[in-house]
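Encoded as structure tokens, the structure appears first; notes follow it.
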Amino acid sequence: MTINSTESSVFQVPKTKGTGSITTDAVMESVGMYVWFGPRLVLADVNLKFPANSVTALIGPSGCGKSTFIRTLNRMHELIPSAALAGQVLFEGNDIYGPTVNPVDVRLRIGMVFQKPNPFPAMTIEENVLSGLRLAKIKNEKPAELVEKSLTQAGLWNEVKDRLGNTAGSLSGGQQQRLCIARSLAVNPNVLLMDEPCSALDPGSTLRVEETIRELSEFMTVVIVTHNMQQAQRVAQFTAFFLSEDNNPGYVVEHGPTVDVFANPIDTRTSDYVNGRFG
Amino acid sequence: MTLQIPKPKTISRNAQLTKADRRFARVMTAAAFFSLVVLSLIAIFLVYQAVPAIRDQGLIQFLTDARWDSGSIGERDSDFVEPIFGIAAMLWGTILIGIIAIILALPISLGLATFIVFIASEKIAGVARAIVDFLAAIPSIVYALWAISALTLKGREWGEWLTTNLGFIPIFKNDIGIWVGTPLIAGIVLAAMITPIITSVTREVLSRTPAELVSASLALGGTLWPTLKYVAFPFAKSGIVAATMLGLGRALGETVAVFYVLNLTYGTINWVGIVSPQGGSIASLIVAKFSEAGALEISALLGGGMVLFVITLIVNAIATAISRLAITDK
């Protein structure tokens, strides 16, 4: 397929390799996703399936569009001025970019955890967990139970149960990140998107967050952007390798079960990347 | 073997500076001192000049008496009137129009700043910013001219309407039947003058709301208003208070625009009647009386200046303290 990335250049989008081996039912699926910043096409023809209750890792060198892509999955991309996109994201069979879909509803079903822990500094730990309800004006009859449940799911309850009234700033970076996970879980999403959630954390906190991700995947779908090859292998059942070469838009080189992508990659560039030969 | 612990050494900051650095530092220190010296000299001058009047009237009387009477020496002894100088009416009037100005200016400024930072497109925000900055630069006499020629007429209609329809509320009462020269009009002019200042500072603080907090709010299903209410405004709270104080400081000291639209009334304190033509303003008092004042009255007017100086100093100190609090908060 040939597309115009800008008026002057033409870019051939290669077909993603390895996708055939994913046969499970997908809860979410991106279909022919193209993304622009202003006139610049940064992602081309991304087709990925995210099976229910699984973890998918998005890997690739910096600037290949992983973070941009993950933001299209809950309609956060469109908030950037000059951002544009084409394609579909099917969530439970319906396009989240459909004309009647409210982006707020999408973001409530598909939560997001960011690179840098970003709890609300003026709020207490408890208020942070419940902040999603306040922000989206959702009523909850038993807030205390919800706080405990969300913090337990995020693996933070035991550490903070005696100081729920402290401000979020009193927590360590790793705890703050798990608080952000708890905050996302409190609005009960079906999918959790994580954009390099451990890149600002120390190794101990990283392992703790990974444990949380594995626990979450028992009942929800997780998509995680990571630069850490070991992390991808530790937490993800599926891996997609993104690449952007020679200033061309990024695309998915290879996608499949994590074991295959790492042990028997089809594409030599995948092999080079996962073995640390570039990127 | 015992370990010899060396003596701690402090290295002076001066040692890190070159000769030119040191010279520059001295000039800067002198400049900083100069502003302090100027401030102290003004204060000393005001106190020194005000002493005769305050000694004559008594400090308590000067601050609490509403009467301001230059006195007179008639042909006969019975015509002699003792001068009385009290600034209570003017002092309260100054505060009243300041409060009116803040009540009117604050919501507009918050709305405008929010619009510029969070709602307007980049292009429109740029235009709005330029307009606000331009408004801040308009000389106050121009605001005064606008107030005299346009606002006074409108203000008379508004005042009459308020008294007719809401006159049962004390603040809208008017027993005099004239709606020109009211504190409301003066407050509106001041509001117009301080809105750009409050807007500029508020815009600056709001624009520093960390983008990751805004993203977090939106990703949690927050729309614009909840994001403002729970994220941006709490973040900017102390900055907004400081901005308001800055505006108030300006409003309290404003002279010419108030002088031309406010009717000064000596003798009674108009506590709340904002559409009644009985106003007070220390700055306007000074303009009104200075050219025809005798020695004692000039001293009293300078005493008024001293009081105004102290009030604005307090307001500015509060603003500084709050903004410093905001910095240590984060």
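The values are calculated or read from the model by the stated rules, or taken from the named source; none is laboratory data. No experiment lies behind these values; they were computed from the predicted model shown. A quick note on method: Cβ atoms are made from the backbone with ideal geometry, for glycine too, and the neighbour counts reach across all protein chains shown. Accessible surface is based on the protein model in full, side chains and every heavy atom, while ligands, DNA and RNA are left aside. Shrake-Rupley method; radii C 1.70, N 1.55, O 1.52, S 1.80 Å.
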inquiry  = Condition check: hydrophobic (A, V, I, L, M, F, W, C), more than 12 Å from chain B (Cβ to nearest Cβ), without any contact (Cβ under 8 Å) to a residue 60 or more places away in the chain and at negative phi. Does residue A:164 satisfy that?
reply    = yes
remark   = Wholly inside segment A:68-159, helices (runs of 4 or more DSSP H) that include 3 or more residues that are at the interface with chain B (Cβ under 8 Å from one of its Cβ atoms) and either out of contact with any His (no Cβ under 6 Å at 6 or more places or on another chain) or small (Gly, Ala, Ser) (or both) are A:103-109, A:125-135
key: Flag if residue B:284 is assigned to a helix (DSSP H, G or I), under 24 Å from residue B:158 (Cα atoms) and not aliphatic (A, V, I, L, M)   = yes
task = Could you check, for segment A:47-58, whether at least one of its residues is assigned to a loop (DSSP other than H, G, I, E, B) and within 14 Å of chain B (Cβ to nearest Cβ)?
result = no
ask   = Out of segment B:299-327, which residues are touching a residue at least 40 places away in the same chain (Cβ under 8 Å) and out of contact with any helix residue (DSSP H, G or I) (no Cβ under 7 Å at 6 or more places or on another chain)?
value = B:320
remark   = Flagged in segment B:105-130 as aliphatic (A, V, I, L, M), open to solvent by 70 Å² or more (accessible area, probe 1.4 Å) and within 18 Å of residue B:243 (Cβ to Cβ), in numbering order, are B:108
key: Yes/no for residue B:268 being of a type in the set (S, T, N, Q), under 17 Å from residue B:42 (Cβ atoms) and open to solvent by 10 Å² or more (accessible area, probe 1.4 Å)   = no
task = Could you identify the single residue in A:65, A:98, A:111 that is among the small types (Gly, Ala, Ser) and farther than 16 Å from residue A:225 by Cβ?
result = A:98
inquiry  = Considering only segment A:136-156, I want to know if a residue exists there that is among the hydrophobic types (A, V, I, L, M, F, W, C), closer than 19 Å to residue A:70 by Cα and open to solvent by 50 Å² or more (accessible area, probe 1.4 Å).
reply    = no
inquiry  = Where the second residue is open to solvent by 60 Å² or more (accessible area, probe 1.4 Å) and in a helix (DSSP H, G or I) and the first is under 9 Å from residue B:181 (Cα atoms) and among the hydrophobic types (A, V, I, L, M, F, W, C) and lies in segment B:253-269, which pairs have Cβ atoms under 8 Å and are six or more apart or on separate chains?
reply    = B:261/B:148
query = Taking the stated definitions as given, is residue A:230 closer than 21 Å to residue A:53 by Cα and open to solvent by 10 Å² or more (accessible area, probe 1.4 Å)?
reply = yes
ask   = Which one is least open to solvent (accessible area, probe 1.4 Å) among residues in segment B:236-249 that are more than 14 Å from chain A (Cβ to nearest Cβ) and of a type outside the set (Gly, Ala, Ser)?
value = B:244
query = Among (1) in a helix (DSSP H, G or I); (2) within 14 Å of chain A (Cβ to nearest Cβ); (3) of a type outside the set (Val, Ile, Thr), which single condition is residue B:252 missing?
reply = (2)
ask   = Across segment A:229-258, what is the number of residues that are at negative phi and without any contact (Cβ under 8 Å) to a residue 24 or more places away in the chain?
value = 2
message = Please determine whether any residue of segment B:42-61 is in contact with a Pro (Cβ under 9 Å, 6 or more places away or on another chain), closer than 16 Å to residue B:298 by Cα and open to solvent by 60 Å² or more (accessible area, probe 1.4 Å).
response = yes
request  = Select from segment A:160-211 the residues that are under 19 Å from residue A:144 (Cα atoms) and either acidic (Asp, Glu) or not in a helix (DSSP H, G or I) (or both) and list them in ascending order.
outcome  = A:161, A:162, A:163, A:164, A:165, A:166, A:167, A:187, A:188, A:189
key: Candidate set: segment B:169-226, residues that are hydroxyl-bearing (Ser, Thr, Tyr) and open to solvent by less than 10 Å² (accessible area, probe 1.4 Å); chosen: the one nearest to the other protein chains (Cβ to nearest Cβ)   = B:217
request  = Of the conditions (1) within 14 Å of another protein chain (Cβ to nearest Cβ); (2) open to solvent by less than 10 Å² (accessible area, probe 1.4 Å), residue B:233 clears all except one; give me its number.
outcome  = (2)
request  = Restricting attention to segment B:119-163, report how many residues are under 19 Å from the mean Cα position of the chain (by Cα), closer than 16 Å to residue B:257 by Cβ, outside any loop (DSSP other than H, G, I, E, B) and of a type outside the set (A, V, I, L, M).
outcome  = 2
request  = Residue by residue through segment A:206-224, note down the ones that are open to solvent by less than 20 Å² (accessible area, probe 1.4 Å) and within 13 Å of residue A:178 (Cα to Cα).
outcome  = A:206, A:209, A:210, A:212, A:213, A:216
inquiry  = Every residue in segment A:170-202 that is within 11 Å of chain B (Cβ to nearest Cβ) and in contact with a Phe, Trp or Tyr (Cβ under 9 Å, 6 or more places away or on another chain), please.
reply    = A:180, A:183, A:195
task = Answer yes or no: is there a residue in segment B:62-73 that is part of a helix (DSSP H, G or I), free of Cβ contacts under 8 Å to residues at least 24 places away in the same chain, open to solvent by less than 70 Å² (accessible area, probe 1.4 Å) and not aliphatic (A, V, I, L, M).
result = no
query = Listed residues B:99, B:87; which is touching a residue at least 40 places away in the same chain (Cβ under 8 Å) and more than 10 Å from residue B:266 (Cβ to Cβ)?
reply = B:99
ask   = Which ones in segment A:233-256 are open to solvent by 10 Å² or more (accessible area, probe 1.4 Å) and either of a type in the set (Phe, Trp, Tyr) or within 15 Å of residue A:178 (Cβ to Cβ) (or both)?
value = A:238
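Hey, does segment B:28-43 have a residue that's part of a strand (DSSP E or B) and in contact (Cβ under 8 Å) with a residue 60 or more places away in the chain?
Within segment B:28-43 (the criterion being part of a strand (DSSP E or B) and in contact (Cβ under 8 Å) with a residue 60 or more places away in the chain), the answer is no, since none of the residues qualifies.
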key: Among the candidates A:27, A:113, residue that is within 15 Å of the chain's Cα centre (by Cα), touching a residue at least 60 places away in the same chain (Cβ under 8 Å) and open to solvent by less than 10 Å² (accessible area, probe 1.4 Å)   = A:113
